[in-house]
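Novice: Got a structure here, written out as structure tokens. Questions coming.
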Amino acid sequence: MTLLAFGINHKTAPVNIREKVAFSPEKLPSALQELIHRDVVHEAVILSTCNRTEVYCGLDYPANDAVLEWLSEFHQLPLESISPYIYAYQDSAAVQHILRVASGLDSLVLGEPQILGQIKEAYMTANAAGAIGAQLNRLFQHTFAVAKQVRTDTAIGASPVSVAFAAVTLAKQIFTDLSQHKVMLIGAGETIELVARHLKDNQVNRMIVANRTVERAELLAKTFGAEAIALKDIPEYLHEADIVISSTASPLPILGKGMIERAIKQRKHKPMFMLDIAVPRDIEPEVGQLRDIYLYTVDDLQEVIEENRKSRQEAALQAEEIIATQVDHFMGWLRSLDAVDAIRNYRDKCHIIRDDAVINARRQLLSGKDPQLVVSELARILTNKLMHEPSVQMKYAAYHGEADLLQNACRLLGISTDNNH
């Protein structure tokens, strides 16, 4: 069995490529079913966020091309259009990769905590779809435990650095005093909730939360003293917003160039800051061509994030040490699976020897033989039969000069070759 971590992320591809291979939540179950029904794939988990789309697989043998073909076919994309951006890690490298991702070491924002929750959601989705077997289940449980250890034992999460924090920092660079400005937040997921929290901390004047499900928008709005509206009502309120931050799972843009042009006209060309942190994008790229619009995507947060990254570098080095150790632990468990059948066969053989000896002992007791003699005979027979095969093989190894085999046999049996022992 081969473990594979396969994907594309913010380091290997720009947002216009990442959005093409992103999976919407409603498509994940069918995508997982299609993948695990490929001949070589037994287990799979798909992680799809604004910064990455990754597939974790249990395969019969290394078959990166099979997974790449599936990804290409599912999204109806030519192989050559995505293959230059793909990375693939196998076995211990795959384990190291997922541990680094879960611990926030591979994120756009070093040490950001949201990715762990996203990995847990991906795991639960795959589990519900029947796409997880014993190895991936163990891998993901191990991943959750290691990510927790990294958070506990290092200062990787000490500084308030996240995509949400960076988004608000960028907004403050455009509008120095946020208390004088109105904000529209589109979406009601975890990232938008964190953005709202940071905006509230900066005494933003007014917030409007727009979401497909109004009830969810109302719940979030109530927490932060904001106003909730439906997505269809955005055109009515858009001109009021000085800042627009959007993060939804919509497969198509929510804000088009025409809608923004109308809002700018209503604002009498007063500047508007727009940040699209969704993948696929929520705001049409052409909006960036408009005067008085400052449009940024998640990739533009890199400069802001880089300034905050330095404070976490030492913690990241400590985290890497923890991960290196935990990769060895997991691979040790994985290798131990190779011994499962051998151990089972050995136990079965010993049980047969035991059962035969017990049957013989009971027969002797029923015939009236002295119980003490029966017990002694039982012990003698069991000892001789259990010792017989190892003794024969050790003599064979010694006779043929196979010193390594003899030494390994002694280590396996917990004995010494020294005559004094």
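Novice: For the chain, what does the helix formula give at 222 nm: sum of -39500 (n - 2.57) over DSSP H segments with n ≥ 4, over the residue count, nearest 500 deg cm²/dmol?
Specialist: -16500 deg cm²/dmol
Novice: Checking the a/c ratio against 1.5 first, then a/b against b/c, what shape does the Cα gyration tensor give for the stretch 1-154?
Specialist: Oblate, because a/c is 1.5 or more while a/b does not exceed b/c.
Novice: Moving on to the next point. For residue 229, which sequence-distant residues (separation of 5 or more, or a different chain) have an amide H within less than 5 Å of its own amide H, given hydrogens modelled in the peptide plane?
Specialist: Residues meeting the amide H criterion: 209, 210, 211.
Novice: I'd like the distance between the alpha-carbon centres of the stretch 324-391 and the stretch 1-75, rounded to an integer number of Å.
Specialist: 46 Å
Novice: Largest first and to the nearest Å, give the Cα extent of the stretch 289-398 along each principal axis.
Specialist: 106, 35, 24
Novice: Roughly what would the spin-label model give for residue 269 and residue 134, points 7 Å off Cα along C-beta, in nm?
Specialist: 7.1 nm
Novice: Between residue 303 and residue 261, what FRET efficiency follows from the Cβ-Cβ distance if R0 is 22 Å, with the result rounded to 0.05?
Specialist: Given R0 = 22 Å and the Cβ-Cβ separation, E is 0.20.
Novice: Calculate the all-directions average of the projected area of the stretch 1-62's alpha-carbon convex hull, and give it in nm². Before the final figure, lay out each step's value.
Specialist: Numbers: hull surface 16.8 nm².
With the hull built on Cα positions only, its mean projection is 4.2 nm².
Novice: Please give the Cα centre distance for the stretch 195-236 versus the stretch 86-150, rounded to the nearest Å.
Specialist: With the stretch 195-236 and the stretch 86-150 each reduced to a Cα centre, they are spaced 31 Å.
Novice: Would you please calculate the Kirkwood hydrodynamic radius of the stretch 163-309 over all C-alpha pairs and express it in Å, rounded to one decimal?
Specialist: Mean inverse Cα-Cα distance, inverted, gives 15.0 Å.
Novice: I need the calculated FRET efficiency for the pair residue 24 and residue 144, taking r as the beta carbon distance and R₀ as 25 Å, to the nearest 0.05. Provide the component values of the computation, followed by the final result.
Specialist: Details: r = 25 Å, r/R0 = 0.98.
The pair residue 24/residue 144 has a calculated efficiency of 0.55.
Novice: Using a Förster radius of 60 Å, what is the FRET efficiency between residue 34 and residue 359 based on their Cβ-Cβ separation? Nearest 0.05, please.
Specialist: My answer for the efficiency is 0.65.
Novice: For the chain, would you read off the P(r) tail past 26 Å as a percentage of all alpha carbon pairs?
Specialist: 65 percent
Novice: Can you list the residues, at least 5 places off or on another chain, whose amide H is less than 5 Å from the amide H of residue 103, using H built in the peptide plane?
Specialist: Residues meeting the amide H criterion: none.
Novice: Give me the number: length gained by fully extending residue 286 to residue 232, i.e. 0.36 nm times residue separation minus the C-alpha to C-alpha distance, one decimal in nm.
Specialist: Going from the current span to full extension adds 17.4 nm.
Novice: Going 7 Å from the Cα of residue 223 along its beta-carbon direction, which residues of the stretch 86-120 have the amide nitrogen within less than 19 Å of the resulting point?
Specialist: Once the point is set 7 Å along Cα→Cβ of residue 223, 112-120 turn out to lie under 19 Å by backbone N, inside the stretch 86-120.
Readers should treat all values here as calculations from the given coordinates under stated rules, not as data from a laboratory. Here the structure is a predicted model, which means the values were calculated and not measured. Note that we place each Cβ from the backbone using ideal geometry, even for glycine, and neighbour counts take in every protein chain shown.
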